[in-house]
Structure formats: structure tokens, C-alpha cells
Amino acid sequence: MKKLTAMILALLMTLSLASCSSAGNPGNDNPGTPTQGGGSQQGGDEKQDDIVLWTLSNDLKQFADRYEEQTGNHVDVVVFDSADFETKIMQTLGAKSKDLDVFVGEPQMLPNFYEAGFCADLSALDNEVKTRLVDYTYEAGCDEDGVLRAISYQACPGSVIYRRDLAKEVFGTDDPDEIAKHFSSFEEIEKTADTLQAKGYCVFGDEGALRWFSNRDPWVKDGQIIINQDRLDYMDCATHLYQNDQVAYALEWSAPWYASMAGPLPKISEAQSGDVWGMDKDQLINEGAAGGEGITQVFSYVMPSWGALIVRDNAEGNKGNFGVCSGPCSFFGGGTFLTVNEFSQHKEAAQKFIEFCTLNDETSQWWLEASNGDVVNNKAVLENNKDYQNESFGNQNTYAFYLAEMEKIDFNLTGYDDACKDAWGKAITAVKKGEQTKEQAVQEFYQNVITQFPELSVPADSPYYNG
């Protein structure tokens, strides 16, 4: 509560007339300025069932258009840059604004929104959501008292996405269940990386892919910071991959990372990585395809289900040459949750729109098809599509796979997670580069987190804790 109160007070102090007016006038040219998907409610004719939606995703413009076609009710969609969104919500709703009716949040944002009192009670929909939608998303949508306050139209279970052709060459099979055995633990991933390296391939574009498997346990439990053997194994594995040059030094979202989905890459060290970062995708592919000993290929990627769309859209000639399998643990990442502004004057209309997006089977089936691969949150719709063969992934039944993975997700998100992940990432970087010993890096991690959140403590039996 202390950290949230401080955050709100700081944001309210910075709230100016200019920032207030920009919410109603998104047409200026400042970076991060929202764009609207239709005419504004402000001024002119306004119907009681017309609402304003603030979002991070252009997807919801399509939902809004479909909703208006079917109901005649208008949804004014305002899309914000992700870097500014959480701050904008804290500022605007900290001032109890009625200028928006529905807003979205990603799972890591939701605990702070709930604690601040920004999200209206959606308990009227509790039974339907709990029964019909994926379990972990129901948990994410409830506050610490178990009150439903946010609902998602999509689910984002994770997977390892791997190259089928390289799997057959190196492991003699591309069967997802068999390839999953090579990613069943951090120790197995190290062995897999060794095997791939002997064939001239990299297990990942970057060892940062391992971070998705760091959420088996909560980062904070009962006010205490949790570092267990699993997280130390993660640190060891990341260090092993880095120090043995078993990754391609193609960071996620970089040009080399995208290019690796389509084919060979120049084989480089981290020190040389700057030489290729300026190249576009075609230049990287051409240089990699030129042959010789200076090339490599990336075997796998670790991402939530939306990552399958990224791979599909960048695979080019490799499209259809990928598969999905499980890793050391099931996980999720991202997802768009809709919630009603507690201060809205159109709560009933806002809730109707959320029901349309999340609890309408016809809408879910439409979005599954219109998105060309998004994993919807509706279990019945996923079940009805479980036999769908995804041509981008070797005709694998990917919806059946993700449906099974979602049932294994252990939801343990807290409002401290992002800070803990960032601090742990810095600790890993220090160890893998030889700047600190593991003991020094872990001790500094504890100090950094406690400095940021003095209300937290470290269990006396935590690894490398000096008290």
C-alpha cells in the first residue's frame, strides 16, 4: 500500500491542465499521444449506451466496430502507447475522471489498479467468467479479496517454438512430445544447447528467452522475497549459454532476431553484434545464406501464444516449418483485460460491452478467425477448434496444445514482479559477464529490491543471504 500511495501522490502532483486536456484532445503530435477509432463523445449527440474505451491494442477497434454493427451503440476507442499507458491511467483515474468508461490493463498492471480503487465490481459476471473462461485469467481478474474486476478476451499460455527441420536433423524427430523432453528442465536445456552447438546451431537467439520460465514460484510471498533453487538454476543456465556462445546474440525484437525465423544468420560474438544490428532483414538473410563457417541458425524461441503469430509472420520460406512444445514449466505472458472505470457514469453500458467481447461465443469464434491465430479465452470455443491444423506449424493442433497448457498454469502474479524480474536480470548479467560471483550478485539483488520496497523482507534461509 505504501508504494502505491506514493506512486499516486507523485503522479497527482505532476498532473497538469495540459495532461488533462490531452485526454480529450488526442490529435496533437506529441510522442505517446493516443489515437481514436471514431468520433468523440465529447460534445454533439451522446447516447446513454455510447462509451469511451482506453486501450493499448488496436484489436479492440475491431471489437468496437462489430459491437456497433450488432447493437447500434458506439464505442469511442482511444489507443495509447504502451510506455505511457499505466502512468496515464494512474494520473487520470487518480483524479477520479469520468472521461472514460472502460480501460484495459495487462496482468502485471492490474494489482496496482485494483489497490487504487479504479476498477468497478464485476461480480454479477463472476459465475460465468469462472465457469466459461480459462482459470488463470479468472484469477488475474480478481483483486486480493477475490472480487472480480477485470476480464480478458484472450489467453496467453506459453510454449517453446522450435524448428522442425533442425529437430529432425539433430534429434531424429520433430514430435512435440519428444522435443519437449529436451526442454524439461534448465539442466536439460544446457544439454540441448551443447548438442545443437556441435551441429553448428544456437538453442536461442538470446539467453533472455529463459526468463519466461522464472515464474514457477511467486517472486514475493507473505511479504518475503523468494529466491529458490529453481531461480538459481535459471541463473546457471543463462550463464552457461552465454559463456559458451550457444546463443546467436540476437536480442528479442532486434532485426537479427526477426531475421533468424526465416533462415541463417551470420555467426557473431556479442562484441560483434553491433555490426549487424543496423542491417535490415533481407541483408541479414542474404549474408547468412552466403554459406561458409560463419553462419548459424536459431533452433527455438520461448514466447506466449502471441509469439506464434510473430514467428508465422516472419518465417517467410520457413513458414510451416515450426512446432510448439512445453518447457520446464507452463507460463503465461501479457493479455488484454477489460475493466469498468469505477467513476464512470455509464457502468451498465460499459459492462455490456465487456460481456460482448469476452463472454459471447459468437464473438470469440469471430475473433479466433479474424485474428488468424489469437488464442481466445473461451474454453468452449477453443475446445470446438482443437482439431484445427495450423499450417504455419506443420499442421499441428496448436489450439489443443495451448488449451492443455493453460490448465497447468499456476497463477502467482504480484505487484512486485516486474521490479524483481528486472533486478534478477541485472544479477544474471553481472554473473554471466564475470563482473560478480553468484553470491555477490544475489546479495545485491536482495539489497536492490528491499531498497525499492522496504516493506519486504528476506527469509532467513534464503540462498546467499547474509542477513
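For segment 358-393, which positions are of a type in the set (A, V, I, L, M) and under 19 Å from the mean Cα position of the chain (by Cα)? Correct list: L368, V375, V376. Taken together, the criteria exclude T437 from residues that are on the phi < 0 side of the Ramachandran plot, at pLDDT 95 or above, of a type in the set (S, T, Y) and out of contact with any helix residue (DSSP H, G or I) (no Cβ under 8 Å at 6 or more places or on another chain).
Screening D222, D245, D230 for residues that are touching a Lys or Arg at 6+ places or on another chain (Cβ under 6 Å) and acidic (D, E) leaves exactly one candidate, D230. Identification of helices (runs of 4 or more DSSP H) wholly contained in segment 387-455 with 3 or more residues that are in contact (Cβ under 8 Å) with a residue 40 or more places away in the chain and closer than 24 Å to S330 by Cα yields 398-406, 417-432.
Suppose the filter is crowded, with 19+ Cβ neighbours inside 10 Å and within 27 Å of S123 (Cβ to Cβ); does F353 pass it? Yes: the conditions hold for F353. Of the residues making up segment 361-400, just one is more than 23 Å from D174 (Cβ to Cβ) and in contact with a Gly (Cβ under 9 Å, 6 or more places away or on another chain), namely N377. Taken as a whole, the structure places K168 among residues that are out of contact with any His (no Cβ under 8 Å at 6 or more places or on another chain), without any contact (Cβ under 8 Å) to a residue 40 or more places away in the chain, part of a helix (DSSP H, G or I) and more than 15 Å from K432 (Cβ to Cβ). Only a single criterion out of (1) among the acidic types (D, E); (2) at pLDDT below 95; (3) surrounded by 14 or more Cβ atoms within 10 Å (Cβ to Cβ) is not satisfied by E444, namely (2). Filtering segment 316-345 to residues that are among the small types (G, A, S), farther than 29 Å from L60 by Cβ and either part of a loop (DSSP other than H, G, I, E, B) or open to solvent by less than 10 Å² (accessible area, probe 1.4 Å) (or both) leaves G320, G323, S326, G327.
Among the residues of segment 66-105, the ones that are part of a loop (DSSP other than H, G, I, E, B), open to solvent by less than 60 Å² (accessible area, probe 1.4 Å) and at pLDDT below 95 come to 1 in all. Scanning segment 371-383 for residues that are under 17 Å from K61 (Cα atoms), touching a helix residue (DSSP H, G or I) at 6+ places or on another chain (Cβ under 7 Å) and either at pLDDT 95 or above or open to solvent by 50 Å² or more (accessible area, probe 1.4 Å) (or both) yields a single hit, V376. On the stretch given as segment 306-331, residues that are over 30 Å from A198 (Cβ atoms) and either among the charged types (D, E, K, R) or at pLDDT 95 or above (or both) total 1. With respect to (1) open to solvent by less than 10 Å² (accessible area, probe 1.4 Å); (2) at positive phi; (3) not acidic (D, E), the lone exception for G146 is condition (1).
With respect to the conditions (1) at pLDDT below 95; (2) surrounded by 16 or more Cβ atoms within 10 Å (Cβ to Cβ); (3) in contact with an Asp or Glu (Cβ under 8 Å, 6 or more places away or on another chain), F213 falls short on a single one, namely (3).
Within segment 56-65, which residues are of a type outside the set (F, W, Y) and at pLDDT 95 or above? Scanning segment 56-65 gives L60, K61, Q62, A64, D65.
Can you find a residue in segment 222-234 that is out of contact with any strand residue (DSSP E or B) (no Cβ under 8 Å at 6 or more places or on another chain) and open to solvent by 60 Å² or more (accessible area, probe 1.4 Å)? For segment 222-234, residues out of contact with any strand residue (DSSP E or B) (no Cβ under 8 Å at 6 or more places or on another chain) and open to solvent by 60 Å² or more (accessible area, probe 1.4 Å): present.
Inside segment 97-136, residues that are of a type in the set (V, I, T) and within 22 Å of A419 (Cα to Cα) make up a count of 1. Going residue by residue through segment 29-51, is there one that turns out to be at pLDDT 95 or above and in a helix (DSSP H, G or I)? No, that holds for no residue.
The values are calculated or read from the model by the stated rules, or taken from the named source; none is laboratory data. Not measured: the values here are computed from a predicted model. Here Cβ is always computed from backbone atoms with ideal geometry, including for glycine, and neighbour counts include all displayed protein chains. Note: areas computed on protein heavy atoms with side chains; ligands, DNA, RNA excluded. Shrake-Rupley method; radii C 1.70, N 1.55, O 1.52, S 1.80 Å.
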